[in-house]
Amino acid sequence: MFRVGVVDAGFGMNILLDECVPWPLRRRLAGHTCATPQQRGWRGIQNGDLIRLAEGEFDLFITADQNIRYQQNLASRRIPILELSTNDVHRLEAATTLIQTAVAAMRPGDFRILEIP
């Protein structure tokens, strides 16, 4: 069941953090459930297959892969994808509010690039 938008009703999202996203970011996404491909047994699965798997179980896919938009046909995807401009953990932690706001705004099929200062 796709639950994007239920954050407004006080429920968190089920978020898949790509392998290139630092795991400590999950602490900045309080109220949401975060998992990694490694935790799901999906280590090393290529982006297209990973996104297909994620669509069945997750509400949002967060990546720092700057090439995903060029390598994948994202137009047919229902799962929203948030691409972070960096995977530097210090910059991500400093941008917590920006990331939380972007996560809350994501809707089915969205693809958004979030520039992290």
Rounded to one decimal in nm, the spacing of the 7 Å Cα→Cβ label points at THR97 and ALA30 is 1.5 nm
Two pseudo-spin positions, 7 Å from Cα along C-beta at GLU57 and at GLN71, lie apart in nanometres by 2.0 nm
Dividing the helical contributions, -39500 (n - 2.57) per DSSP H run of n ≥ 4, by the residues of the chain yields a 222 nm value, nearest 500 deg cm²/dmol, of -7500 deg cm²/dmol
Computed over segment 25-117, the relative contact order (Cα-Cα under 8 Å, seq sep at least six) in percent reads 29 percent
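Read the figures in this text as sums done on the coordinates, not as results from a lab. Values in this document were obtained by computation on a predicted structure and should not be read as measured data. For neighbour counting, all protein chains shown are included, and Cβ atoms are generated from backbone atoms with ideal geometry for every residue, glycine included.
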